[in-house]
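Data block below; observations after.
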Amino acid sequence: MITQIRGKLVEKNPTYAVVDCGGVGYLMHISLNTYSSLPNDEYVLLYTHLSIREDAHTLYGFSTKIEREVFRLLTSVSGVGPSTARTMLSSMTSEEVSQAIASENVKLIQTVKGIGAKTAQRVIVDLKDKVLKTFDVDEVSVVQNNTNKEEALSALEVLGFARKQADKVIGNILKETPDASVEILIKQALKNL
């Protein structure tokens with residue numbers, strides 16, 4: 001129904017934003033990732049999802065179409081409502097959520113408040129094929145290198161490198177050489193960090 005809102009950012013809060021569009025202020029519930037990408041007091045464009053329930057009409061805002069799509073996929077799973085999906089997108093980026101689903105990383109999905117083991121498994125079962133098709137994630141490299149990547153990241157963290165930066169570098173290395181061993185990953189990453 002309402003697919004996007006463009007207007008002046010009137011109020012910004014870690015859980016919601018108010019955008020003035022043609023004299024009407026729209027309150028949108030947002031994730032922390034969207035909050036951190038919003039400028040202060042400027043014109044913004046937020047992609048939206050309108051959740052209609054018997055007792056409420058709630059508007060959710062997203063900084064990217066990908067985040068909105070991941071939100072919609074998550075809410076399509078039985079047991080995952082809009083607030084749980086928003087919490088998940090606040091804990092992880094939409095790319096991290098997609099990777100966790102594609103690599104069947106139940107433990108990572110379970111770290112989100114409000115998601116237990118059964119719900120995490122249901123999310124993976126229901127969404128894995130959709131995520132692989134929609135976001136063009138390479139299933140083989142994700143599953144195969146998940147342990148190598150984690151081991152290399154842990155080693156680099158021990159060496160004093162920031163996890164986020166090391167994760168980007170290792171991700172780039174895995175794109176070029178998907179079957180790289182842990183040792184090769186660490187050596188290549190040290191050259192690039």
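Calculate what fraction, in whole %, of the accessible area of the stretch 65-135 sits on carbon and sulfur atoms when a 1.4 Å probe is rolled over the protein chains.
On the stretch 65-135, the fraction of accessible area on carbon and sulfur atoms equals 49 percent.
On the accessible surface of the stretch 145-191, probed at 1.4 Å, how many percent belong to carbon and sulfur atoms?
Accessible surface attributable to carbon and sulfur in the stretch 145-191 totals 53 percent.
For the chain, what is the accessible area per residue in Å², given a 1.4 Å probe and the full set of protein chains?
Here the per-residue accessible area is 57 Å².
With each label point set 7 Å from Cα along the Cα-Cβ vector, what nm distance links Leu193 and Thr134?
3.3
What is the stretch 65-135 by shape, rounded, prolate or oblate, if you read a ≥ b ≥ c off the alpha carbon gyration tensor as root eigenvalues and call it rounded for a/c under 1.5, prolate for a/b larger than b/c, and oblate otherwise?
Taking the square roots of the gyration eigenvalues as a ≥ b ≥ c, the stretch 65-135 is rounded.
So if a site counts as exposed when it's one of the trypsin sites (Lys or Arg not before Pro), its DSSP state isn't H, G, I, E or B, and it has at most 16 other Cβ atoms within 10 Å, what's the longest stretch of the chain without one?
The segment 114-193 is the longest one with no such site.
Of all accessible surface on the stretch 1-58 at a 1.4 Å probe, what whole percent is carbon and sulfur?
Details: 1800 of 3580 Å².
Roughly 50 percent of what the probe reaches on the stretch 1-58 is carbon or sulfur.
How compact and how long is the chain, expressed as Rg and Dmax of its alpha-carbon atoms in Å?
Computed over the Cα atoms of the chain, radius of gyration and Dmax are 18.7, 59 Å.
How would the stretch 4-62 be classified by its alpha-carbon gyration tensor: rounded, prolate or oblate, with rounded meaning a/c under 1.5 and the a/b versus b/c comparison settling the rest?
Oblate.
Working from Cα positions, state the angle (0 to 90°, nearest 10) between the long axis of helix 163-176 and the longest principal axis of the chain.
With rounding to tens, the tilt is 70 degrees.
The values are calculated or read from the model by the stated rules, or taken from the named source; none is laboratory data. Worth saying up front: this structure is predicted, and the values here are computed from it rather than measured. In this analysis, Cβ positions are derived from the backbone assuming ideal geometry, glycine residues included, and neighbour counts consider all displayed protein chains. We work out accessible area using only protein heavy atoms, side chains counted, and drop any ligands, DNA or RNA first. Shrake-Rupley method; radii C 1.70, N 1.55, O 1.52, S 1.80 Å.
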